[in-house]
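*Asks:* Mind looking over this structure? Questions follow.
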Amino acid sequence: MATSYRFSADERDQLDREGFVVRNDVFNASERTAIVNECEVLVDRLLAAKRRTKHAIGSYMFEIQREFDTAVKWEPGAPDIVQGLEPFAHLSDPLRDWGLDARLVDPCKDVVGEDEVVLFTEKLNLKRKKDGGPIILHQDYPYWAPVASIAARVATAMIFLDDATRENGCLEVARGSHRSGVYEQRKDSDGFGSLEMDPTKFDHSRLEPLEVKAGAVVFFGAFLVHRSLPNRSNTDRRALLYSYQPPGFPHLRELNNFSARPKVLQ
């Protein structure tokens, strides 16, 4: 019989109460090595592609790579260093297959509230040693709401490919923040920038670092407030994020127009 990785009753209670669940030791060292190798091969492909115009939008810098049908996020302070990529499953069969792993899919069924889920989008986050910049305070929902009618039911599984510490910019979360809906957003920016949370309207003392070992996975929904700080260490902090939705809805790649300025990638 196939093994089920659905949440336990205690984990479901934690998800409802705190907005996230962490599972440690989900992926072993050999699996992480295989995933990291595929990620770095993909990044090398993107770096070798012809550079196009980079857009400073909100707190980030994007480049649409049309031949790859994706958007690359570059470090604003070091614009030749990749900070992130979304989506990517269509660019790598192995990375797509990891996103179908039951260890990720089963728990996300409990977040979405469905017995079947499909991919909504995928993100590769790279915090390179010394150069990795911050991911600003945000909720996922505002970025997805304009294009996904079920954005509130999207669940994310974040795989840590390296140890995550305060020094290298681990994820920081605000427990219970998912219960308050959409928080106040910036009014000093328009378009994509206006989707960022107003940092002056949120109590930052609520944020706590999630220091975890490589191989851990954190599961959360679209309303959890979170961020990560810069990487000041001598090691990379890399992570894959797979987001899932109920079946029957289009993938974010189908909803985005990559010939236009990015509106929802984060």
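Any read-out appearing in this document is the output of simple, stated calculations on the displayed coordinates, not a laboratory observation. From a predicted model like this one, the values you see are computed outputs, not experimental measurements. In this analysis, Cβ positions are derived from the backbone assuming ideal geometry, glycine residues included, and neighbour counts consider all displayed protein chains.
*Asks:* Quick test of the membrane-span-like rule: which DSSP H helices of the chain reach at least 24 Å along their long axis (C-alpha atoms) with mean Kyte hydropathy at least -0.5?
*Replies:* Qualifying helices, which must be both long enough and hydrophobic enough, are 29-48.
*Asks:* Rounded to the nearest 20 Debye, what is the dipole magnitude of region 9-255 about its Cα centre when Lys and Arg each give +1 and Asp and Glu each give -1 at the C-beta?
*Replies:* 760
*Asks:* Give the Rg/Rh ratio for the chain, taking Rg as the radius of gyration of the Cα atoms and Rh as the Kirkwood radius, to two decimals.
*Replies:* Here the Rg-to-Rh quotient is 0.93.
*Asks:* Just name one of VAL212, GLY169, ALA151: the one whose Cα is farthest towards the positive end of the charge dipole of the chain (beta-carbon charges, Lys/Arg +1, Asp/Glu -1).
*Replies:* GLY169
*Asks:* Per DSSP helix of 4 or more residues, -39500 (n - 2.57); summed, then divided by the residues of the chain. What does that give at 222 nm, rounded to the nearest 500?
*Replies:* Calculated mean residue ellipticity at 222 nm is -6000 deg cm²/dmol.
*Asks:* How high is the relative contact order of the chain, given as a whole-number percent (alpha carbon pairs under 8 Å, six or more residues apart)?
*Replies:* RCO, the chain: 29 percent.
*Asks:* From the backbone phi of region 213-221, what are the Karplus-calculated ³J(HN,Hα) couplings (6.51 cos²θ - 1.76 cosθ + 1.60, θ = phi - 60°) in whole Hz, Gly and Pro given as x?
*Replies:* 7, 3, x, 6, 10, 10, 10, 7, x
*Asks:* What does the charge count near LEU207 come to, summing +1 for each Lys or Arg and -1 for each Asp or Glu among other residues with Cβ under 11 Å from its Cβ? Can you show the working numbers first?
*Replies:* Numbers: positive: ARG175, ARG206, ARG227; negative: GLU172, ASP203, GLU208.
In short, 0.
*Asks:* Taking a virtual spin label 7 Å from the Cα of ASP190 along the C-beta vector, which residues in region 45-89 bring their backbone nitrogen under 14 Å of it?
*Replies:* 58
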